[in-house]
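Inspection log for the structure reproduced underneath, given as structure tokens.
Readers should treat all values here as calculations from the given coordinates under stated rules, not as data from a laboratory. Please read all numbers here as calculations on a predicted model, not as lab measurements. Cβ coordinates were reconstructed from backbone atoms using ideal geometry, including for glycine residues, and neighbour counts include every protein chain displayed.
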Amino acid sequence: MRLPIDPQADASRRAWVDCPVCEDARSCGTCAGRSNCQEHWRYLIANSGPVLHLQCPSCTHMWSLNTRPGIPRPRRS
């Protein structure tokens, strides 16, 4: 079952990371060169500090990505 695109999705808020489900950028030379490809970007739905909440426009998969793994987050009081 495919999810709908999140209502918070905005094409002006993008991230260029691999989708863990469809891997649509696997054979793209631009993505392999670590450049910002016009086709293989992800919606940046929100973030909580270093944790990004993303959605793939190709397969609509949603996931979260910690961009600073191994670094503890400060505790809130």
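Normalised radius of gyration for region 1-69, please: alpha carbon Rg relative to 2.2 N^0.38 Å, two decimal places. List each step's numbers first, then the result.
On the way: Rg = 11.7 Å, N = 69, 2.2 N^0.38 = 11.0 Å.
Compactness ratio reported: 1.07.
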Scan around Ile45 for amide H atoms under 5 Å from its own, H built in the peptide plane at 1.01 Å from N, and keep only partners 5 or more places away or cross-chain. His53, Leu54, Gln55
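To the nearest 20 debye, what is the magnitude of the charge dipole of region 14-66 about its Cα centre, counting +1 on the Cβ of each Lys and Arg and -1 on the Cβ of each Asp and Glu? List each step's numbers first, then the result.
Details: 4 positive and 4 negative charges, 25 e Å.
It works out to roughly 120 debye.
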Residue-by-residue Karplus 3J(HN,Hα) for region 52-68, coefficients 6.51, -1.76, 1.60, Hz, glycine and proline x: 9, 10, 10, 9, 7, x, 6, 10, 6, 5, 10, 7, 10, 10, 7, 7, 9
